[in-house]
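Report on the following structure.
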Amino acid sequence: LQFSDNIKAKFGGSSDLQIYHNGSTNNSNVDNNTGDLYVSQYTDDGDIIFRSDDGSGGIAEYFRVDGGLTKVVVNKSFVFEDNIQAQFGSSADLLLYHSSTNSYISNNVGDLYIEQLKDDGDIIFKSDNMSGGTTEYLRLDGGIGETVFSRNTRHGDQVHAQFGDSNDLKIYHNATNSLIENSTGDFYISN
(Lines give C-alpha, C1' and ligand atoms only; values in the text may rest on other atoms or scores of the structure.)
Protein backbone atom coordinates (compact mmCIF):
# COMPACT_ATOMS: atom_id res chain seq x y z
CA LEU A 1 0.00 0.00 0.00
CA GLN A 2 1.17 3.52 -0.71
CA PHE A 3 -0.49 6.47 0.99
CA SER A 4 0.01 9.84 -0.68
CA ASP A 5 0.74 13.01 1.30
CA ASN A 6 -1.90 13.81 3.92
CA ILE A 7 -3.71 10.50 3.34
CA LYS A 8 -4.10 8.85 6.75
CA ALA A 9 -4.04 5.19 7.66
CA LYS A 10 -6.73 5.12 10.35
CA PHE A 11 -7.26 2.46 13.02
CA GLY A 12 -10.11 1.97 15.50
CA GLY A 13 -13.84 2.53 15.29
CA SER A 14 -13.43 6.28 15.66
CA SER A 15 -10.16 6.50 13.69
CA ASP A 16 -8.35 7.04 17.01
CA LEU A 17 -4.92 5.99 15.72
CA GLN A 18 -3.66 7.69 12.57
CA ILE A 19 -0.40 7.35 10.65
CA TYR A 20 0.37 9.75 7.83
CA HIS A 21 2.88 12.04 6.11
CA ASN A 22 2.09 15.75 6.00
CA GLY A 23 3.24 17.03 2.64
CA SER A 24 3.00 20.73 3.53
CA THR A 25 5.30 20.47 6.58
CA ASN A 26 7.19 17.44 5.24
CA ASN A 27 6.73 15.65 8.58
CA SER A 28 5.60 12.13 9.37
CA ASN A 29 3.12 11.59 12.19
CA VAL A 30 1.74 8.88 14.43
CA ASP A 31 -1.28 10.37 16.21
CA ASN A 32 -3.18 8.66 19.03
CA ASN A 33 -6.41 10.36 20.02
CA THR A 34 -7.56 8.22 22.95
CA GLY A 35 -6.02 6.11 25.69
CA ASP A 36 -2.29 5.39 25.93
CA LEU A 37 0.10 4.63 23.06
CA TYR A 38 2.18 1.46 23.55
CA VAL A 39 5.36 0.50 21.72
CA SER A 40 6.21 -3.06 22.76
CA GLN A 41 9.05 -5.47 21.97
CA TYR A 42 8.19 -9.13 22.66
CA THR A 43 11.41 -10.76 21.40
CA ASP A 44 13.42 -12.25 24.28
CA ASP A 45 16.32 -9.86 25.04
CA GLY A 46 15.20 -7.68 22.12
CA ASP A 47 15.73 -3.91 22.06
CA ILE A 48 13.76 -0.86 21.00
CA ILE A 49 16.26 1.40 19.24
CA PHE A 50 15.79 5.11 18.59
CA ARG A 51 17.95 6.41 15.75
CA SER A 52 18.23 9.70 13.90
CA ASP A 53 20.60 11.67 11.69
CA ASP A 54 24.16 11.75 13.06
CA GLY A 55 24.86 15.30 11.83
CA SER A 56 27.18 14.01 9.08
CA GLY A 57 24.81 12.48 6.58
CA GLY A 58 24.55 9.11 8.32
CA ILE A 59 22.36 7.65 11.03
CA ALA A 60 23.18 7.00 14.67
CA GLU A 61 21.57 5.40 17.70
CA TYR A 62 20.55 8.03 20.24
CA PHE A 63 19.19 5.69 22.89
CA ARG A 64 17.74 2.22 23.21
CA VAL A 65 15.53 0.28 25.56
CA ASP A 66 17.80 -2.76 25.99
CA GLY A 67 15.83 -5.90 26.80
CA GLY A 68 18.97 -7.98 27.32
CA LEU A 69 20.51 -5.57 29.82
CA THR A 70 17.10 -4.44 31.14
CA LYS A 71 18.38 -0.86 31.00
CA VAL A 72 17.89 2.26 28.94
CA VAL A 73 21.23 2.89 27.20
CA VAL A 74 21.87 6.51 26.21
CA ASN A 75 24.38 7.25 23.42
CA LYS A 76 23.85 10.99 22.95
CA SER A 77 23.52 13.90 25.37
CA PHE A 78 20.17 14.78 26.86
CA VAL A 79 19.51 18.54 27.00
CA PHE A 80 17.13 19.78 29.68
CA GLU A 81 15.95 23.31 28.91
CA ASP A 82 15.92 26.00 31.62
CA ASN A 83 13.69 25.16 34.59
CA ILE A 84 13.09 21.61 33.35
CA GLN A 85 13.90 19.21 36.15
CA ALA A 86 15.48 15.79 36.00
CA GLN A 87 13.49 14.10 38.77
CA PHE A 88 14.49 10.95 40.67
CA GLY A 89 12.53 8.80 43.11
CA SER A 90 8.89 7.70 43.08
CA SER A 91 7.80 11.06 44.49
CA ALA A 92 10.38 13.15 42.59
CA ASP A 93 12.41 13.55 45.79
CA LEU A 94 15.72 14.47 44.10
CA LEU A 95 15.79 17.26 41.51
CA LEU A 96 18.54 18.47 39.19
CA TYR A 97 17.89 21.55 37.10
CA HIS A 98 19.10 24.90 35.80
CA SER A 99 16.94 27.98 36.40
CA SER A 100 18.46 30.02 33.51
CA THR A 101 20.54 31.76 36.19
CA ASN A 102 21.69 29.11 38.68
CA SER A 103 22.04 25.33 38.84
CA TYR A 104 20.47 23.26 41.61
CA ILE A 105 20.65 19.82 43.20
CA SER A 106 17.64 19.68 45.54
CA ASN A 107 16.87 16.79 47.88
CA ASN A 108 13.45 16.72 49.56
CA VAL A 109 13.56 13.51 51.63
CA GLY A 110 16.25 11.91 53.79
CA ASP A 111 19.95 12.70 53.65
CA LEU A 112 21.94 13.58 50.52
CA TYR A 113 25.01 11.41 49.99
CA ILE A 114 27.93 12.23 47.70
CA GLU A 115 30.01 9.08 47.66
CA GLN A 116 33.30 8.13 46.03
CA LEU A 117 33.59 4.33 45.74
CA LYS A 118 36.95 4.11 43.96
CA ASP A 119 39.77 2.92 46.23
CA ASP A 120 41.97 5.91 47.14
CA GLY A 121 39.72 8.16 45.01
CA ASP A 122 39.12 11.81 45.88
CA ILE A 123 36.15 14.15 45.83
CA ILE A 124 37.38 17.50 44.50
CA PHE A 125 35.56 20.82 44.79
CA LYS A 126 36.69 23.41 42.25
CA SER A 127 35.55 26.94 41.50
CA ASP A 128 36.66 30.13 39.76
CA ASN A 129 40.29 31.13 40.47
CA MET A 130 39.60 34.89 39.97
CA SER A 131 41.68 34.80 36.75
CA GLY A 132 39.32 33.17 34.25
CA GLY A 133 40.13 29.58 35.14
CA THR A 134 39.25 27.15 37.92
CA THR A 135 41.17 25.89 40.93
CA GLU A 136 40.70 23.33 43.68
CA TYR A 137 39.28 24.75 46.91
CA LEU A 138 38.58 21.58 48.87
CA ARG A 139 39.51 17.92 48.42
CA LEU A 140 38.33 14.88 50.33
CA ASP A 141 41.47 12.80 49.73
CA GLY A 142 40.76 9.08 49.92
CA GLY A 143 44.40 8.18 49.33
CA ILE A 144 45.68 9.88 52.50
CA GLY A 145 42.41 9.88 54.45
CA GLU A 146 42.34 13.65 54.98
CA THR A 147 40.32 16.70 54.08
CA VAL A 148 42.65 19.09 52.22
CA PHE A 149 41.89 22.82 52.06
CA SER A 150 43.64 24.46 49.13
CA ARG A 151 42.25 27.97 49.68
CA ASN A 152 41.61 30.13 52.75
CA THR A 153 38.52 29.51 54.83
CA ARG A 154 36.53 32.38 56.34
CA HIS A 155 34.47 32.12 59.52
CA GLY A 156 32.09 35.01 60.16
CA ASP A 157 31.69 36.70 63.54
CA GLN A 158 30.55 34.27 66.24
CA VAL A 159 31.10 31.29 63.90
CA HIS A 160 33.26 28.81 65.77
CA ALA A 161 35.91 26.45 64.46
CA GLN A 162 35.23 23.57 66.88
CA PHE A 163 37.43 20.59 67.69
CA GLY A 164 36.83 17.43 69.70
CA ASP A 165 33.81 15.11 69.97
CA SER A 166 32.19 17.50 72.45
CA ASN A 167 33.45 20.72 70.78
CA ASP A 168 35.93 21.18 73.62
CA LEU A 169 38.23 23.55 71.73
CA LYS A 170 36.79 26.59 69.99
CA ILE A 171 38.46 29.33 67.96
CA TYR A 172 36.35 32.30 66.93
CA HIS A 173 35.98 36.07 66.65
CA ASN A 174 33.04 37.68 68.45
CA ALA A 175 33.02 40.90 66.37
CA THR A 176 35.15 42.60 69.03
CA ASN A 177 37.78 40.12 70.20
CA SER A 178 39.41 36.90 69.06
CA LEU A 179 39.15 33.92 71.38
CA ILE A 180 40.61 30.46 71.80
CA GLU A 181 38.59 28.51 74.37
CA ASN A 182 39.48 25.11 75.83
CA SER A 183 36.71 23.46 77.85
CA THR A 184 38.42 20.30 79.13
CA GLY A 185 41.89 19.10 80.08
CA ASP A 186 45.07 21.13 79.68
CA PHE A 187 45.89 23.42 76.78
CA TYR A 188 49.23 22.77 75.10
CA ILE A 189 51.08 24.87 72.55
CA SER A 190 54.05 22.89 71.21
CA ASN A 191 56.90 23.79 68.92
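The values are calculated or read from the model by the stated rules, or taken from the named source; none is laboratory data. Because the structure is predicted, anything quoted here is derived from the model rather than measured. Ideal geometry is used to build each Cβ from the backbone, glycine not excepted, and the neighbour counts take in all protein chains shown. The accessibility values were calculated without ligands, DNA or RNA, using every heavy atom of the protein model including side chains. Shrake-Rupley method; radii C 1.70, N 1.55, O 1.52, S 1.80 Å.
Hey, what's the per residue convex hull volume over the C-alpha atoms of region 45-87, in cubic angstrom?
So the per-residue hull volume is 82 Å³.
Take every Cα-Cα pair in region 27-132 and report what % of them are more than 16 Å apart.
The answer is 79 percent, as a whole percent.
Using a cut-off of 19 Å between alpha-carbon atoms, which lysines can reach K118, once sequence neighbours fewer than 8 places away in the same chain are excluded?
Once the sequence-local lysines are set aside, nothing remains near K118.
Once the principal axes of the Cα atoms of region 103-191 are found, what is the range along each, listed largest first in whole angstroms?
On the principal axes, region 103-191 reaches 41, 38, 33 Å in Cα extent.
For a test of the definition: using alpha carbon positions, the gyration tensor, and the 1.5 limit on a/c, classify region 139-185 as rounded, prolate or oblate.
oblate
Leaving out ligands, DNA and RNA, and with a 1.4 Å probe, what % of the accessible surface on region 32-191 is carbon or sulfur?
47
Sort I19, I144 from largest to smallest accessible area, using a 1.4 Å probe on the heavy atoms of the protein chains.
I144, I19
Measure off 7 Å from each Cα along the Cα-to-Cβ vector at D45 and I105, then give the distance between these two points in nanometres to one decimal.
Here the modelled spin labels are 3.6 nm apart.
Full extension from L117 to S150: what is 0.36 nm times the residue separation minus their Cα-Cα distance, to one decimal in nm?
Extra length from L117 to S150 when fully extended: 9.6 nm.
Tell me the per residue accessible area of the chain using a 1.4 Å probe; a whole number in Å² is fine.
In whole numbers, the chain has 82 Å² accessible per residue.
Quick check: convex hull of the Cα atoms in the chain, volume per residue, rounded to a whole Å³?
Per residue, the Cα convex hull of the chain comes to 316 Å³.
Considering the options G145, N177, Y20, tell which one lies farthest towards the positive end of the dipole of the chain, charges being +1 on Lys and Arg and -1 on Asp and Glu at the Cβ, about the Cα centre.
Of the candidates, Y20 comes out farthest on the positive side.
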